[in-house]
Every structure is written in C-alpha cells, then in structure tokens.
C-alpha cells in the first residue's frame, strides 16, 4: 500500500508518500508545499487542492492519512487549518482514496510513546525507524511522514483500534472549586 500523509497548513503544508509493500516501509517522497508567498487565502486553498490532486495523479497512492486540526486558542487559525484539511480530503475523495484522520497527540504517542513530544523528537524517531539521511528544512514534512507511518501501523494491525479503545485513559482532576460548584448545582435542597 502507498500512503499519502498530509500535515495540513495554510502557510506550509507537509506531505509524504510511504510505501508499505515491503517489510521495511520506504519513503517515496517527503517535502512541503510552501504557500507563504501567495497573499490571497483562497488562492492558497486552491493551490492545496491542485497540489494534492497532482500528488495523487503522479504517485497513485491507495490511502490518505491526514492530521486533524488541533484545538487552539485562535479560532480563526483553526478554521483556516480546517479548510486546508478539507480541500486535501476533497481531492482524495475525488480520486476514490480511503482516508483516515489522526489527532496530533495520537500520532506523537504512536511514534515516540509520548503524546506531547516535540516535532524534533518525532523527526528523530522516524529517522531512526525509516533511515532517511537528514531531516528536511521544514519539520512539517516529517510531521506528514508521522501521519503516514501511524496509518501504516493501524492499517497493518486490524486490532489497533480495539487496543486503543481498551487502553487506560488519563484521569482528569477537577478543581475543588469546580467540584463544589457542581455539587451545589446538583443538590440545591441540601445547600441553602
């Protein structure tokens, strides 16, 4: 299987093509689409769509693995990132590719064992696993490779989704103030 991995972005979009037909996956391509010189946002989105189609038509991948937009504080940035992801997915759908989407922390967890790993840590682990010479100038390219490699791990292990669902989840601790507020709201007759 040939997996197209995309790390969506409206200024720099990372992409990779990972061939998993051999026992040791090989990198067919890994680079970025540099969009900073295109001032109009709509033209950048168009470029993402056209470039994704060009990659698909040139390499004929079987599958698109794409990173999900992360939830940040800047809503406008998140919406723009979602549009970049959407047009890449639309290009893949137009060519009948299967698609998986992965959260950034999920990808980092599967590559490094740490869901909060840095881009540099992800690149270093991938370099060790896949044996490429040097890290690219922009780590968005290795992020795209991480997405593709995560898809490879999941698609080659049919039990992966079940194992992920059964994995223990981190407990979140509520503050004492929040716990008290919830208690008061749920028990208005006791606290008067």
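The values are calculated or read from the model by the stated rules, or taken from the named source; none is laboratory data. Because the structure is a prediction, the values reported are computed rather than measured. Every residue, glycine as well, gets a Cβ built from its backbone with ideal geometry; the counts of neighbours run over all protein chains shown.
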Study note, to complete from the structure: Exactly one of 106, 41, 70 is modelled with pLDDT of 90 or more, closer than 21 Å to residue 126 by Cβ and surrounded by fewer than 18 Cβ atoms within 10 Å (Cβ to Cβ), and that one is 106
Review point. Among the residues of segment 111-146, how many are more than 13 Å from residue 27 (Cβ to Cβ) and either under 12 Å from the mean Cα position of the chain (by Cα) or in a helix (DSSP H, G or I) (or both)?
Key: 11
Review point. Is it true that residue 86 is loosely packed, with under 15 Cβ neighbours inside 10 Å and modelled with pLDDT under 95?
Key: no
Check your understanding: Looking only at strands (runs of 3 or more DSSP E) that fall completely inside segment 7-87, which ones have 3 or more residues that are under 14 Å from the mean Cα position of the chain (by Cα)?
Key -> 12-19, 63-67
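I'm trying to understand the selection: among the residues of segment 10-22, which are buried (at least 24 other Cβ atoms within 10 Å of the Cβ) and within 27 Å of residue 76 (Cβ to Cβ)?
Listed by number, the residues that qualify are 13, 14, 15.
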Exercise for review: Scan segment 88-110 residue by residue and report those that are under 16 Å from residue 6 (Cβ atoms) and assigned to a loop (DSSP other than H, G, I, E, B).
Suggested key: 95, 97, 103
Practice item. Report whether or not residue 187 is within 30 Å of residue 32 (Cα to Cα), exposed (fewer than 13 other Cβ atoms within 10 Å of the Cβ) and either within 14 Å of the chain's Cα centre (by Cα) or at pLDDT 55 or above (or both). Key: no
